[in-house]
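Written out below as structure tokens is the structure these notes cover.
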2 protein chains.
Amino acid sequence: MTQICYFCSMDLQEFLEEGDKLFLPNLSIDLVIIGFEEGHLKCLLLKMGNKWLLPGGYIRRDQSVDEAARTILKDRTNLEDPHLQFLSVFGDSERRPGLGSEWKDFILNSGVKWDEGYWVNDRFVSLTYYALVDINKTHPTVHNFDEAYGWFHFDALPDIWMDHDQILKKARNRLKEDINRELITHNLLPDKFTMPELHKLHQAILEEKLDRSRFQKKMLASGLFERLPKLQKDTPGRNPYLYRLKKQGV
Amino acid sequence: MTQICYFCSMDLQEFLEEGDKLFLPNLSIDLVIIGFEEGHLKCLLLKMGNKWLLPGGYIRRDQSVDEAARTILKDRTNLEDPHLQFLSVFGDSERRPGLGSEWKDFILNSGVKWDEGYWVNDRFVSLTYYALVDINKTHPTVHNFDEAYGWFHFDALPDIWMDHDQILKKARNRLKEDINRELITHNLLPDKFTMPELHKLHQAILEEKLDRSRFQKKMLASGLFERLPKLQKDTPGRNPYLYRLKKQGV
DNA sequence: GCAAAAGTGTTGAGACTACACCCATGT
DNA sequence: ACATGGGTGTAGTCTCAACACTTTTGC
């Protein structure tokens, strides 16, 4: 049975046997793609057998590591330029995708023969990135290496493959650290948003209550946002203003 | 001619031909080793031909990436546990040690035949770390891949190999960023030091004047240091106290 | 005594905290 | 009218920058 592998023109068998001619061996990229919905931070995971894993891929020999990460993100989400940043290296010596049964089962279920010696069964050092996306603009695609996708609350994760739970944990903490250094959170919201929405987002990221008044003043004082006409809504209470990111001056 | 390669029992020829059985291919580690002397930040560089490069090495298949970095640092400096932290990934697609003439010349000068196809001539992704060391406790060793070592001012660097100048630049900036988050700077000083010394160090790192009074109060308020008897010296002016890092409470 | 170096104090400006208060809207 | 949610104001506290002052030493 021939199966086209999403990131190249090879079929699966060819990919397993000599994918390392096209890709760097022993190196993979894994992405933690983070969105915000219904007041909760969520991450995008893919299903392989009875486990869930991070979207990932390999580095083409003609691509830089950053380009590879961006390509994988684009392939998975159809997003061109969200906030994408390097997270960390996961480099344990016993880090082998083939150790558990999920990967092997997938290969066998694909009607391809299994070989311990495939380059993809060797040790892999993972270069991880995290991306902040507008969850409504993201349209994940499912390829041959996975059966389904899902957005999961960070505090209600399913059964995770390999060490991908550690990667998720690291991303969650990094986000907490980065939020005060750079105001990057707007990437998680639509182009236009209200201060109460941004306020809820910050509280969700930091996992603590923030004073409304102070928050609003701090955000406005940053000078990053411009106020638009008020939002029309049909819930009780005053109508909030809409904001959007100011265009950068030259 | 047989030459022993420092990180394994292979000779050079064997290392070039099948070193990738022992090490991960396409992956290298480079270290920016930073010290402080005579009021200036310095970094350790090695000489290869007419260029200077960072101490580096490869990742043994039975070692984690972090272990490999620590091993290389130990081999180069005889230091066991200085501050060692991940810096960044350098992953350009055209990042090949063999592109310039220095590497080829070194191989040929070693009396070994040259082959474009050696694994070490392929593209390499570099995982970089930076280490803060007490320059007086550091006794660099020179191995077969380099002729000499030297400590260089960051603002008076020699001719640098490949993209190692970019790595140095990144480390220099990272240090500036990290100094205010964590108080890691004592790693650059001897066990016992004075506040004026620490003050000069911070000014050197940040490349700006810091108010003496404020600096001293901030350091003492951190509670990290304990005061020792005064230093005896024979220069004009009052004798400063010595300080050392407080032992961590349980 | 005086200059140089080290250590400490003081004062004002600005940021942060915790509220209280005012505004707009739906019921 | 009033409950609900959004926006703004204010007084107290805390931190921090700038500079002045004091102490210790060598000459």
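Before moving on, here are some points about what is shown:
- Region A:139-250: C-alpha pair distances exceeding 21 Å, %: 51
- Chain A: most fluctuating residue of A:D11, A:D234, A:D122 per GNM, C-alpha cutoff 10 Å: A:D234
- Angle of helix A:164-181 to the longest C-alpha principal axis of chain A, folded into 0 to 90 degrees and rounded to 10: 30°.
- Summed side-chain charge close to A:L27 - residues other than A:L27 whose Cβ falls under 15 Å, Lys, Arg +1, Asp, Glu -1: -1
- For chain B, carbon and sulfur atoms together expose 47% of the accessible surface, with a 1.4 angstrom probe and every protein chain in place.
- Along each principal axis, taking the top coordinate minus the bottom one, the Cα set of region B:195-250 gives 39, 29, 17 Å in descending order.
- Mean separation of Cα contacts under 8 Å, 6 or more apart, over the residue count of region B:189-245: relative contact order %: 43
- Debye-sum result for the protein assembly as shown in log10 I(q)/I(0), which assumes one identical scatterer on each alpha carbon, at q = 0.07, 0.12, 0.14 Å⁻¹: -0.49, -1.23, -1.40
- In summary, region A:167-227 shows an alpha-carbon radius of gyration equal to 1.12 times the 2.2 N^0.38 Å reference for compact globular proteins.
- Net charge contributed by nearby residues that have their C-beta within less than 15 Å of B:E147 (K/R +1, D/E -1): -1
- Helix-only mean residue ellipticity at 222 nm for chain A, each DSSP H run of n ≥ 4 adding -39500 (n - 2.57), per residue, nearest 500: -8500 deg cm²/dmol
- The long axis of helix A:65-77 is offset from the longest Cα principal axis of chain A by roughly 80 degrees.
- Radius of gyration and Dmax over the Cα atoms of region A:89-200, both given in Å: 18.0, 55
- Nearest 10 degrees, 0 to 90: helix A:195-206 Cα axis against chain A principal axis: 50
- Paramagnetic label zone (point 7 Å from Cα along Cα-to-C-beta, B:K233; backbone N under 17 Å) in region B:185-210: B:189-204
- Pseudo-label separations to other copies for A:R212 - Cα-to-Cβ vector, 7 Å, nm: 5.1
- Gyration tensor (Cα) of chain B, equivalent ellipsoid semi-axes in angstrom: 39, 17, 17
The values are calculated or read from the model by the stated rules, or taken from the named source; none is laboratory data. In this text the structure is predicted, and so the values were computed from the model without any measurement. Here the Cβ is made from the backbone with ideal geometry for all residues, glycine too, and neighbour counts use every protein chain on show. Only protein heavy atoms, including side chains, enter the accessible area calculation; ligands, DNA and RNA are left aside. Shrake-Rupley method; radii C 1.70, N 1.55, O 1.52, S 1.80 Å.
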